[in-house]
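Everything on this sheet refers to the single structure shown next.
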Amino acid sequence: MRIAIIAVEGSLLSSITGLADLFWMTNQALRTPPEGAATGLPDGAGPLFQTRIVSSDGLPLRDPQGRLIPVDAAFQEIGRCDAALATGMALGPDRLPPSSPSIQAAAEWLRAVHQRGALVGAACAGTFVAGEAGLLDGRRCTTTWWLHHAFRQRFPKARPVWGTAVEEQDRIVTTGGPLSWVDLALHVIRRLAGPKVAKLAADISVADSQPLPQLVYAPRGFVNATDPLLLRAEQIIRHARPSLSAEGLAEALGLSGRTLHRRLKELTHESPKAFITRVRIETACVLLETPGASVKQIALACGYAEESAFRRAFAQLTGMTPADYRRWSSARAGGPRSAAP
């Protein structure tokens with residue numbers, strides 16, 4: 001399977017070589033699987049993945065630190081590929097991904113290979129390359145959480161989903177975070193070679209095959225900070241009426257249910273019910289980071305009459321149970337660890 005890794009002006013060397021290395025390590029593990037591994041290559045088979053680093057002119061580039069990025073071929077020399085991947089890049093003086101001629105060339109090529117049937121992937125600021133290609137128009141996608149607002153402004157036709165780690169629609173995969181090239185590689189391996197090979201790749205790289213949502217890393221309320229309506233709605237749910245329904249939220253905001261639904265879809269691509277759930281769970285994350293309260297007490301404080309409903313909603317948004325989140329957040333904050341048995 002042929003994997004093209006795109007190098008453009010400002011590309012991060014670590015993400016490009018990291019992608020190439022992870023595919024290479026997967027090949028090595030398939031050739032000589034660890035004891036107990038459920039998959040491997042037949043004897044005499046060639047490597048499953050073949051990676052090539054490509055640029056608009058086929059010439060090496062410098063990364064933001066001045067190190068040389070090796071390039072194997074120009075876009076027009078690459079021929080057919082099964083997947084084409086755009087990775088992270090340095091931000092410009094405005095703290096946004098640039099829009100340079102090399103990025104425009106990469107966007108045009110990415111659009112062409114997608115039309116020819118290739119799987120397209122983009123990690124972190126590389127999602128802006130996919131956006132420039134028009135590939136995200138009308139499609140669900142994600143980007144690094146702190147680029148979310150800028151992404152929405154630059155690509156108003158895209159449908160970025162707040163706080164998720166990986167999104168795929170119509171053979172276009174997007175991931176968020178400077179190190180999310182790992183998530184991208186594992187997702188591409190799963191799509192092209194199946195879940196057993198993806199699990200092997202995750203195991204040998206000591207990575208989670210199912211990454212945590214970005215929502216758990218972002219500041220609480222970050223996505224709501226850019227619009228007065230979102231801020232008002234958040235304050236009502238968080239502090240005044242956490243158990244209110246979508247109809248109750250519309251009434252509290254002085255809007256019709258239809259108008260609230262339309263405004264939230266425009267601002268966050270969420271329904272009123274999904275918005276309320278997200279704010280409740282973000283509030284729960286804050287409370288779980290504070291010692292003392294039980295899960296049942298936190299569920300009630302966040303508007304859930306039934307603890308089981310709270311646990312389901314929490315797991316769906318964070319990928320963890322409330323107890324697991326409390327342990328995870330404590331460890332991240334340098335809290336006490338469980339003693340070894």
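Viscosity 1.002 mPa s, temperature 20 °C: Stokes-Einstein D of segment 105-151 from its Kirkwood Cα radius, in µm² per second?
Calculated translational D: 196 µm²/s.
Could you derive backbone 3J(HN,Hα) for segment 238-248 from the dihedral phi with the Karplus parameters 6.51, -1.76 and 1.60 (θ = phi - 60°), listing whole Hz in sequence and x where the residue is Gly or Pro?
For segment 238-248, the Karplus-derived couplings read 6, 10, 9, 9, x, 9, 5, 8, 4, 5, x Hz, x marking Gly and Pro.
Please identify, among PRO272, PRO195, PRO97, the residue showing maximal mean-square fluctuation in a Gaussian network model of the chain using a 10 angstrom Cα cutoff.
Maximum fluctuation in the GNM of the chain, among the listed residues, is at PRO195.
I need the calculated FRET efficiency for the pair LEU253 and LYS273, taking r as the beta carbon distance and R₀ as 22 Å, to the nearest 0.05.
Taking R0 as 22 Å, the efficiency between LEU253 and LYS273 is 0.90.
Remind me, relative contact order of segment 109-230 in percent, using alpha carbon pairs under 8 angstrom and six or more residues apart?
This gives 25 percent for segment 109-230.
Given the options LEU230, LEU184, LEU119, which has the most mean-square fluctuation in a GNM of the chain, springs set between C-alpha atoms less than 10 angstrom apart?
LEU230
Alpha carbon centre of segment 150-175 versus segment 251-308: separation in Å?
Distance between centres, Cα-based: 23 Å.
Dimensions of segment 219-332 along principal axes (Cα, Å, largest first)?
Cα spread of segment 219-332 along its principal axes, largest to smallest: 41, 27, 21 Å.
Based on the alpha-carbon gyration tensor of segment 135-275, what equivalent-ellipsoid semi-axes (square roots of 5 times the eigenvalues) come out, in whole Å, largest first?
Equivalent-ellipsoid dimensions as semi-axes: 33, 16, 13 Å.
If you take the beta carbon distance between LEU59 and ALA112 as r and set R0 to 25 Å, what does 1/(1 + (r/R0)^6) give as a FRET efficiency, to the nearest 0.05?
Approximately 0.80, to the nearest 0.05.
Label-point separation (nm) for TRP328 and THR226, each offset 7 Å from Cα along Cα-to-Cβ?
Once both label points are built, they end up 2.5 nm from each other.
Can you work out the FRET efficiency for the pair VAL286 and ASP137, with r the C-beta to C-beta distance and R0 = 30 Å, to the nearest 0.05? Intermediate results must be reported in sequence, preceding the final value.
Working: r = 35 Å, r/R0 = 1.18.
Using R0 = 30 Å, I get an efficiency of 0.25.
Test of understanding: in a Gaussian network model of the chain with alpha carbons linked when under 10 Å, which of GLY163, GLY88, GLY134 would top the mean-square fluctuation ranking?
It is GLY134.
Considering only the chain, what is the antiparallel percent among its DSSP beta bridges, to the nearest 5?
In the chain, approximately 30 percent of DSSP beta bridges are antiparallel ones.
For the chain, what's the relative contact order in percent, using C-alpha pairs closer than 8 Å and at least 6 residues apart?
13
Could I get the Rg over Rh figure for segment 2-214? Both from C-alpha atoms, Rh via Kirkwood, rounded to two places. Provide the component values of the computation, followed by the final result.
Values: Rg = 16.4 Å, Rh = 17.1 Å.
Dividing the radius of gyration by the Kirkwood radius yields 0.96.
Using Cα pairs closer than 8 Å and at least 6 residues apart in sequence, work out the relative contact order for segment 219-332, in percent.
22
Taken together, the values in this text are just the output of simple stated rules run on the coordinates, not laboratory data. Treat the numbers as computed from the prediction; the structure is a model and nothing was measured. Reconstructed Cβ throughout: ideal geometry from the backbone, glycine too, with neighbour counts over all protein chains shown.
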